[in-house]
Amino acid sequence: EMSGGVKDMVVTQCLMDHTDRGLRVKTRRGRGNTAVIDGLVFRNVEMRGVKAPFVINMFYFCDPDGHGPYVQCRVTMRDVSITFDPNAKEGQAAMADNRPLVKKLAIYAENVKEIDLHNVKIEGYEGERLHFVNVGHFEED
């Protein structure tokens, strides 16, 4: 879990075996203007029977002020590369109540005022690359 951002971090040589979550970046939006994820690299990671291989979770209610309007803010991603396993199986997206089963879902965002994507590459996804619900401004280069 983070509140002040993550920059230039490499995670390598990991095995996740039959866990609920594989790689998870967890923060709550509104925790500060320096909460930027930049240069985060996952390399040589093997997952077996993992329900949700990769999750960035920025919207959860950990206390009463989690419902406040400030948690709907800006999301910026820079220099991100995601490649889906060709044999990925369908499952429930992590932290997504009352949603259909998904497989190789690229970027899904809901209730965000602004999203900026810079050098974000996604390979092997199925369906729409970007699926937004109640998103204000969007910018991508």
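The values are calculated or read from the model by the stated rules, or taken from the named source; none is laboratory data. Every value quoted in this text rests on a predicted model; they were computed, and no experiment measured them. Don't worry about glycine lacking a Cβ; one is built from the backbone with ideal geometry, like all the others, and counts go over all protein chains shown. Note: areas computed on protein heavy atoms with side chains; ligands, DNA, RNA excluded. Shrake-Rupley method; radii C 1.70, N 1.55, O 1.52, S 1.80 Å.
Of the numbered conditions (1) out of contact with any strand residue (DSSP E or B) (no Cβ under 8 Å at 6 or more places or on another chain); (2) modelled with pLDDT of 80 or more, Arg21 satisfies every one except a single condition; which is it? Only one criterion in (1) out of contact with any strand residue (DSSP E or B) (no Cβ under 8 Å at 6 or more places or on another chain); (2) modelled with pLDDT of 80 or more is unmet by Arg21, namely (1). Only one of the listed residues (Tyr125, Tyr108) is at pLDDT 70 or above, under 16 Å from the mean Cα position of the chain (by Cα), part of a strand (DSSP E or B) and surrounded by 14 or more Cβ atoms within 10 Å (Cβ to Cβ). That residue is Tyr108. State the number of residues belonging to the range 111-122 that are at negative phi and surrounded by fewer than 12 Cβ atoms within 10 Å (Cβ to Cβ). Going through the range 111-122 one residue at a time, the tally reaches 1.
Taking Phe59, is it of a type outside the set (Ser, Thr, Tyr), at pLDDT 70 or above, surrounded by 14 or more Cβ atoms within 10 Å (Cβ to Cβ) and under 15 Å from the mean Cα position of the chain (by Cα)? No, not satisfied. Could you tell me which of the residues Gly32, Gly49 is modelled with pLDDT under 75, open to solvent by 30 Å² or more (accessible area, probe 1.4 Å) and among the small types (Gly, Ala, Ser)? Within the list Gly32, Gly49, the selection yields Gly32.
Of all the listed residues (Asp65, Asp97), the sole one being open to solvent by 80 Å² or more (accessible area, probe 1.4 Å), over 22 Å from Val6 (Cβ atoms) and modelled with pLDDT under 80 is Asp97.
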